[in-house]
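Scroll down for the structure; my scribbles are underneath it.
The values are calculated or read from the model by the stated rules, or taken from the named source; none is laboratory data. Being a predicted model, the structure only gives us computed values, none of them experimental. Here the Cβ positions follow ideal geometry from the backbone for every residue, glycine too, while neighbour counts run over all protein chains shown.
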Amino acid sequence: MSSDILGLIGAVHRDVRHGERDGKPTKTVVLSRAYDTSVEDLWDALSKAERLPRWFAPVTGELKLGGRYQVEGNAGGTITRCEPPRELAMTWEFGGGVSWVEVSLSPEGERARLELRHIAHPEEHWDMFGPGAVGVGWELGLMGLARHYRNAVRPAEAANDWHTTDDGKLFMRKSAQAWGEADARGGEDAAKAAERAERTRKFYSGEA
């Protein structure tokens, strides 16, 4: 199974971008990978309430433009853009803070590519954990989606204790390290990026 984890980790492209929103600087965590399906079916997997729990989590609310949604045990927000089957955007409201998530789908030969961008104003949480704070979490979702397309059942990593298994620990370590490398490519000092990646690994592994 460890080779499967490494393959899933290697399938994701990671990036950290700098920008501005509402007159304040932003950091954008970007994940991209291709799936063995069509753009239309990938949109269906992302937008249908009955399908989301199979690879991500139960989501309630109005899954349409202007609708409010709530991810079970996680964030909620408002859908601010919905252009089937290519573009989706929403606010991401969690712990009293607001950030923004954008998803773009595009054809890639006989496959479909998903790009997810999580945009936030960098604050104390970013200084402590860097891009892996959200990057690892979203990467878990992309892994669940990849496994969903393989066998259409709820993935093993959906279990609450998966992070304590050997596969879970391997995933957290490799994903956090990869986000540390993306952090450094994005302009952060390499030593600081590595420290933040290690804090992220400990957090997701239940060590901190």
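Remarks
- Within segment 61-82, none of the residues are at pLDDT 95 or above, surrounded by fewer than 13 Cβ atoms within 10 Å (Cβ to Cβ), over 19 Å from the mean Cα position of the chain (by Cα) and not in a loop (DSSP other than H, G, I, E, B).
- Restricting segment 6-42 to residues that are assigned to a loop (DSSP other than H, G, I, E, B) and not polar (S, T, N, Q) leaves a set whose member that is farthest from Arg117 (Cα to Cα) is Asp36.
- Between Asp36, Asp22, Asp15, the distinction of being of a type in the set (Asp, Glu) and within 21 Å of Arg111 (Cα to Cα) belongs to Asp36 only.
- Residue-level check: of (1) surrounded by fewer than 17 Cβ atoms within 10 Å (Cβ to Cβ); (2) touching a residue at least 24 places away in the same chain (Cβ under 8 Å); (3) touching an Asp or Glu at 6+ places or on another chain (Cβ under 6 Å), Pro58 misses just (2).
- Criterion applied to Asp44, Asp15 was being free of Cβ contacts under 8 Å to residues at least 60 places away in the same chain and touching a Lys or Arg at 6+ places or on another chain (Cβ under 9 Å), and the one residue passing it is Asp44.
- Selection of segment 83-95 for residues being of a type outside the set (Lys, Arg) and touching a residue at least 24 places away in the same chain (Cβ under 8 Å) yields Pro84, Pro85, Leu88, Trp92.
- Of the helices (runs of 4 or more DSSP H) contained entirely in segment 93-208, those carrying at least 2 residues that are touching a Ser or Thr at 6+ places or on another chain (Cβ under 7 Å) and either surrounded by fewer than 18 Cβ atoms within 10 Å (Cβ to Cβ) or at positive phi (or both) fall at 166-185.
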